[in-house]
Every structure is written in structure tokens, then in C-alpha cells.
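The next block holds one structure in the form of C-alpha cells; read it before the comments.
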Amino acid sequence: MSSSAVEKYDVVIIGAGPVGLLLSTCLARWGYKIKHIDMRPEPTLTGRADGIQPRSLDLLRNMGLKRQIMAHEPAKVYEVAFWDPKDNGKGIHRTGTWASCPKFIDARYPFTTLLHQGLIERVFIGDLEKNGVEIQRPWKITGFKNDGKDKTYPVEVSIGHVDGNKAETMRAKYLFSGEGAKSFIREQLGVQITHKDPIAHVWGVMDGVVRTDFPDIKMKCTIHSDAGSIMVIPREDNMVRLYIQVASSTDPDWNPRKQATTEEVQASAKKIFKPYYVEWDRVEWYSVYPI
């Protein structure tokens, strides 16, 4: 592009996960000129984040987007169950329940809504398209600078197709990073992620359809057993998400980069659920990550 034809935008948004999409949706409705790019060829297909908190659902209702979210028939969690080891070492038992949204939180919808991130992303994308904004995919940011050449549009932003065969340069009033943990913008600015605690646990997370006689499989549960810990999150399409502890900093062979196969994590889950059984009809998504 020649310098005379450089496009000017109010905001350039990098990353089209829920954070970038919420911002883009609001700005597009208010008539701002947006350039929005994402490295992925399409929205999230499976897995990733899956929970909408009660306050967020209020916000989506105010935006007129709640019905489209609910059209996907998400799971609704009204309470959390706690399971702990039995004293005699013979498996687990329920020790209590707690409201998912306590009474002191003034929420219109006192439940957590659970469905996979891609369906949530598509609701925003549909609204953006109505307002003339399309996500440019698969493109990534390659550079930016506040060079003082234009007081109104101070930031020069360079982007490129992920295949490396196309590039664009534009100017913007603001550049926004919605890139998540591995942020190019944050890295270039030298902004570190600060956290108080070192990695203490590694978890496997698995979305799928299960067969089980565990009575609270349709509830959110935290399970502590002599064999380890699990968190149960019900989901849309008769699925359930299980977070299964893979490693802990108290282990003698502790390794924060430990990996585990689907089969290893399922074997751990079976031990933790005893005396109840659990089998998988299918696994839609699986990942291992440190906390």
C-alpha cells in the first residue's frame, strides 16, 4: 500500500476470542470504524472456556444477545456439590451443597450458563456482521509503533496473513490486545504477566459424553478423594467437562510441564470416582494445562 492510501481506524483489535469480540460488538454498534483480526482460520471449534457468570448473562441480556446464547440449550448450574473421602477409605460421599450464585449477589439469573466458547463467539460474530464488521482471518499482528506522524491516528499497525503472502499497514487511534496469554503486543511492550503464586498444579480437562452412576453428574461438583481431585461441570448436548488433577507441587516427582494422555487421565478419574463407575462414549476435546 502506498502511504497516501493507508487506511485509518478508530480501533484495531487483535484476537477474536470473547474479550475482543465483546469490545468489537459494542464499538460496532456505536458506529466506530474497526479493523479486527484473528490468527485462527475460524472460530473456536471445541473446548476452551465454557462458563458465563450470572452478571455476564445480565450484560448479554442488556445487549439483546441472551436469547441467541440460550438457543444452544446450555447447561444451567444453580448449585455446587462437594464430595470428600469416606473415613474408612471406601471411596467418596457428598458432604454438602452451595448455591452457585449466593443470595448477596443481586443477579437476575442465579445460575452459571455453560456451553463451549465457539458457540458464544458465533453469537457476537453474527451481531458484528449486522453492523458491517468482519473478522479478518487468519491474520496476525507483525508490528506497531507510536511514531508521532499523525496526532489523530498516532499508532501505525502492521499485520500479515499467517501464510506470509500478504501484508497491510494502517493507522489507528487505539490498538487493543485480546490475544490471551501469548500476547505479541504485551511481549513487545515488555509488560510481564505478574502472578503471586508459582505453578502448583497440572490439570487435564476433558469434554465428552459419559456413562456413570455418579448421582451428581448433572451438577457442578468438586470431588476430593484419596486418589486425587476432580471438578465436574455439566455442559450442552448431554456432555460433561471433567477437570482432573494430573500433578501437584506436593508430588515427590513434581514437574510443572507434566503431560498425560486421554487414557491416563480417564484411568485417574475412574479411581477418584470410586465407588461409582464412569465410562466415556466419546471425547470431544482434551487438553492439559498448569494452574
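Points to keep in mind about this one:
- Condition broken by residue 227, with the remaining ones in (1) open to solvent by less than 80 Å² (accessible area, probe 1.4 Å); (2) touching a strand residue (DSSP E or B) at 6+ places or on another chain (Cβ under 6 Å); (3) closer than 24 Å to residue 81 by Cβ; (4) at pLDDT below 95 satisfied: (2)
- In segment 201-216, the qualifying residues are those that are over 15 Å from the mean Cα position of the chain (by Cα) and of a type in the set (Val, Ile, Thr), and the one that is farthest from residue 228 (Cα to Cα) is 209.
- Residue match in segment 30-39 (condition: touching a Ser or Thr at 6+ places or on another chain (Cβ under 7 Å) and either polar (S, T, N, Q) or within 30 Å of residue 242 (Cα to Cα) (or both)): no
- Only a single criterion out of (1) of a type in the set (Asp, Glu); (2) open to solvent by 60 Å² or more (accessible area, probe 1.4 Å); (3) within 17 Å of the chain's Cα centre (by Cα) is not satisfied by residue 279, namely (3).
- Filtered residue count, segment 92-104, keeping only those that are surrounded by 15 or more Cβ atoms within 10 Å (Cβ to Cβ) and in contact with a Lys or Arg (Cβ under 7 Å, 6 or more places away or on another chain): 2
- From the options 218, 196, 173, residue that is among the basic types (Lys, Arg), under 30 Å from residue 98 (Cα atoms), touching a residue at least 60 places away in the same chain (Cβ under 8 Å) and open to solvent by 30 Å² or more (accessible area, probe 1.4 Å): 218
- When the residues of segment 241-263 are filtered to those that are within 20 Å of residue 209 (Cβ to Cβ) and out of contact with any Lys or Arg (no Cβ under 8 Å at 6 or more places or on another chain), the one that is most open to solvent (accessible area, probe 1.4 Å) is 263.
- Residue in segment 204-212 that is hydrophobic (A, V, I, L, M, F, W, C), over 21 Å from residue 82 (Cα atoms) and out of contact with any helix residue (DSSP H, G or I) (no Cβ under 9 Å at 6 or more places or on another chain) present: yes
- Test: residue 180 is closer than 29 Å to residue 235 by Cα and surrounded by 19 or more Cβ atoms within 10 Å (Cβ to Cβ): no
- Of all residues making up segment 92-116, the number that are farther than 29 Å from residue 273 by Cβ and either free of Cβ contacts under 8 Å to residues at least 40 places away in the same chain or in contact with a helix residue (DSSP H, G or I) (Cβ under 6 Å, 6 or more places away or on another chain) (or both): 6
- Subset of segment 11-53 (residues that are touching a strand residue (DSSP E or B) at 6+ places or on another chain (Cβ under 7 Å) and more than 20 Å from residue 143 (Cβ to Cβ)): 23, 24, 27, 28, 32, 33, 46, 47, 50, 51, 52, 53
- For segment 117-126, the criterion of being in a loop (DSSP other than H, G, I, E, B), surrounded by 15 or more Cβ atoms within 10 Å (Cβ to Cβ) and in contact (Cβ under 8 Å) with a residue 40 or more places away in the chain is satisfied by no residue at all.
- Failed item, numbered, when residue 196 is tested on (1) of a type outside the set (A, V, I, L, M, F, W, C); (2) under 25 Å from residue 94 (Cβ atoms); (3) over 21 Å from the mean Cα position of the chain (by Cα): (2)
- Within segment 138-168, being over 26 Å from the mean Cα position of the chain (by Cα) and buried (at least 16 other Cβ atoms within 10 Å of the Cβ) holds for 144, 153, 154, 155, 156, 157, 168.
The values are calculated or read from the model by the stated rules, or taken from the named source; none is laboratory data. Please read all numbers here as calculations on a predicted model, not as lab measurements. So basically every Cβ, Gly included, is an ideal-geometry build from the backbone, and we count neighbours across all protein chains shown. Quick note on the areas: whole protein, heavy atoms, side chains included, nothing else; ligands and nucleic acids left out. Shrake-Rupley method; radii C 1.70, N 1.55, O 1.52, S 1.80 Å.
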